[in-house]
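Okay, structure first, notes after.
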Amino acid sequence: AQTVTQSQPEMSVQEAETVTLSCTYDTSENNYYLFWYKQPPSRQMILVIRQEAYKQQNATENRFSVNFQKAAKSFSLKISDSQLGDTAMYFCAFILPYGGSQGNLIFGKGTKLSVKP
Amino acid sequence: EAGVAQSPRYKIIEKRQSVAFWCNPISGHATLYWYQQILGQGPKLLIQFQNNGVVDDSQLPKDRFSAERLKGVDSTLKIQPAKLEDSAVYLCASSPGGLVGVAAQYFGPGTRLTVL
């Protein structure tokens, strides 16, 4: 069974600084997708960034980038130039693109990020 | 493009009562998901539909939960009778389907259920 672990329940960062959120996962599969989702207090879950496991290049979306270490099963999120609007719960998630569990997003427990002015 | 719509946004009921949630996915999205998010945890998949057929309902407590997706568009999730431990946010998500859809699930705002 696949599992996702986020070891940092809460983090804080000063506005304009950089913060890294950690995520590890466990799977015996070779082909999968990894995601970071953001859930602000309003509750709408928003996709921040995704990584396909067969791509070695780390995904980047503006101020958000990942450090994907496939052998170590690690998938951290770096937020550069943090903004007040980045305050939210961040969830790491995993999915298999095939098989009976296709479409079953498996989430970690989340990291609550607070950006301080 | 309109996002995933859910209603109601909030619901408070007594235990043993029944409740229903409604979801309208993004137009054209073949796949629809219902997730349960208990406070302090990540969402957990309850059921996945492909058009109007069930793909995965292995984590749905079938003795009290039911879901349907008539005509492959809107979906309703029902709980009958509700228990205290059903207090959670119920999230609906949709995706285009296929491999592209696997990589892109769009979430609605959720329904917060409180069972007293």
**OP:** Write out, first by first residue and then by second, each pair whose Cβ atoms fall under 6 Å of each other, whose residues are 6+ apart or on separate chains, and whose first residue, in the stretch B:74-99, is more than 14 Å from chain A (Cβ to nearest Cβ) and over 13 Å from residue B:32 (Cβ atoms) while the second is assigned to a strand (DSSP E or B) and of a type in the set (Gly, Ala, Ser).
**Re:** B:78/B:20; B:78/B:66
Original post:
Looking only at residues in the stretch B:19-39 that are loosely packed, with under 12 Cβ neighbours inside 10 Å and in contact (Cβ under 8 Å) with a residue 40 or more places away in the chain, which one is farthest from residue B:79 (Cα to Cα)?
Top reply: B:28
Original post:
Looking at the stretch B:1-90, what strands (runs of 3 or more DSSP E) fall wholly within it and have at least 2 residues that are under 29 Å from residue A:4 (Cα atoms)?
Top reply: B:5-7, B:19-24, B:31-37, B:44-50, B:53-56, B:65-68, B:75-79
Original post:
Can you name the condition, by its number, that residue B:84 falls short on among (1) surrounded by 13 or more Cβ atoms within 10 Å (Cβ to Cβ); (2) more than 27 Å from residue A:90 (Cβ to Cβ); (3) touching a strand residue (DSSP E or B) at 6+ places or on another chain (Cβ under 6 Å)?
Top reply: (1)
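Given B:112, B:16, which one is over 28 Å from residue A:54 (Cα atoms), within 14 Å of chain A (Cβ to nearest Cβ), touching a residue at least 60 places away in the same chain (Cβ under 8 Å) and open to solvent by 60 Å² or more (accessible area, probe 1.4 Å)?
Being over 28 Å from residue A:54 (Cα atoms), within 14 Å of chain A (Cβ to nearest Cβ), touching a residue at least 60 places away in the same chain (Cβ under 8 Å) and open to solvent by 60 Å² or more (accessible area, probe 1.4 Å) holds for just one of B:112, B:16, which is B:112.
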Subject >> Total residues in the stretch A:47-94, condition touching a helix residue (DSSP H, G or I) at 6+ places or on another chain (Cβ under 8 Å) and within 14 Å of chain B (Cβ to nearest Cβ) >> reply: 0
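The values are calculated or read from the model by the stated rules, or taken from the named source; none is laboratory data. Because the structure is a prediction, the values reported are computed rather than measured. No Cβ is skipped: glycine too gets one built from the backbone with ideal geometry, and neighbour counts run over all protein chains shown. Surface areas here come from the heavy atoms of the whole protein model, side chains and all, with no ligands, DNA or RNA. Shrake-Rupley method; radii C 1.70, N 1.55, O 1.52, S 1.80 Å.
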